[in-house]
């Protein structure tokens with residue numbers, strides 16, 4: 001189970017950070033409970049992972065309010081919002097116990113519109129923002145709009161939201177509070193974690209609680225977590241930045257915006273073309289749009305090839321403009337809705353290949369050190385060692401202890417049995433003295 005869901009707070013008092021924001025939200029909810037809210041809706045805004053959505057659900061749970069949610073995966077044009085949100089906002093509801101009570105008696109449903117800054121608008125249609133404004137004006141129920149970018153939400157047709165809604169900013173959660181949360185999760189999961197590792201995770205997530213919990217879970221394949229495991233976390237922040245830039249490029253309707261986004265991202269064109277190539281089919285649905293987009297992409301690839309052959313990097317700019325601006329204007333119309341983008345398969349396979357080679361080399365170095373030979377010579381012993389370890393778990397556990405193998409290195413030798421054998425090795429460490437570890441009699 002995903003730990004962000006497993007440890008999601010059920011009550012507002014258990015949500016970490018943002019004390020002032022939570023107090024303002026609670027004050028607004030109490031006004032609704034009394035039947036005299038100063039504002040019918042609130043906007044919770046701030047960077048991802050700081051507790052906006054969690055606070056909204058925790059609030060509903062504290063007040064025993066039913067929840068109706070629309071998020072980025074839903075169709076959220078005017079018609080959908082009027083059908084779902086407005087209907088839920090103006091009708092009476094059952095209490096949490098299933099007994100009918102009127103709004104005057106305290107029965108409420110909380111309307112939550114997540115990622116509200118991604119509402120759609122088009123020429124000739126007032127779109128989602130106008131529908132939300134109309135819903136807020138008519139509502140008999142509390143409404144929460146959740147946004148990462150407040151100014152994106154209130155611009156254009158959304159200007160009236162400034163006066164209709166109470167705006168509450170959620171700021172980054174402090175490193176101290178995140179470390180304390182990670183320690184509590186480790187205790188509940190029976191994990192022994194180096195405080196330096198938890199500090200590194202909290203520093204790296206930059207106030208994003210969800211990211212911190214995900215990072216911790218990604219390392220928790222064993223019950224003892226050490227400081228050096230922070231290096232396993234990879235480049236989550238950079239990957240997220242690329243996904244955001246990719247969305248702006250493929251959703252863009254003009255060449256200049258797409259090109260500017262590519263320069264802002266500052267990713268090498270030979271990598272960027274892989275991301276775009278992987279995700280064009282996810283975004284462009286019409287066959288003629290796909291064909292034209294890949295025509296621009298193939299021309300960009302020609303310039304990349306010339307760059308490498310001639311070692312003239314001035315051609316990179318032409319390649320970048322074709323793969324971004326060209327692909328952006330290849331589509332005849334706008335594609336609405338949320339699109340799930342993917343990490344390039346080729347890059348993933350190459351990363352796995354590099355990781356495989358690095359684990360193999362590290363294992364050879366440890367074998368070579370023990371046998372007093374070079375790493376190159378030690379590589380010849382690995383197949384035989386794999387064969388022995390496959391058929392003898394006890395031997396594999398003792399090898400793991402003697403060579404001080406990591407879980408990855410042990411997995412290279414024994415495959416899927418690595419976790420089980422690693423635990424056996426840890427148990428052996430406690431029971432036997434170092435001098436008896438290689439006594440196979």
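What shape does the range 238-328 take by its C-alpha gyration tensor, where a ≥ b ≥ c are the square roots of the eigenvalues and a/c under 1.5 counts as rounded, a/b above b/c as prolate, and the rest as oblate? Oblate, because a/c is 1.5 or more while a/b does not exceed b/c.
Our Cα-only numbers for the range 175-234 put the radius of gyration and Dmax at 9.9, 26 Å.
By other beta-carbon atoms within 10 Å, ranking 389, 186 with the fewest at the front produces 186, 389.
The ranking of 345, 227 by Cβ neighbour count inside 10 Å, starting from the fewest, reads 345, 227. Taking the number of Cβ atoms within 10 Å of each Cβ as an exposure proxy, the fewest-first ranking of 327, 15 is 15, 327.
Computed extension gain for residue 419 through residue 194, at 0.36 nm per residue and net of the alpha carbon distance, reaches 79.0 nm.
If you plug the beta carbon distance of residue 243 and residue 20 into 1/(1 + (r/R0)^6) with R0 = 35 Å, you get a FRET efficiency near 0.65.
None of the figures in this text is laboratory data; all of them are computed from the coordinates on show. What you see is a predicted model, and the numbers here were worked out from it, not measured in a lab. When we count neighbours, we look across all protein chains shown, and the Cβ atoms used for this are built from the backbone with ideal geometry, even at glycine.
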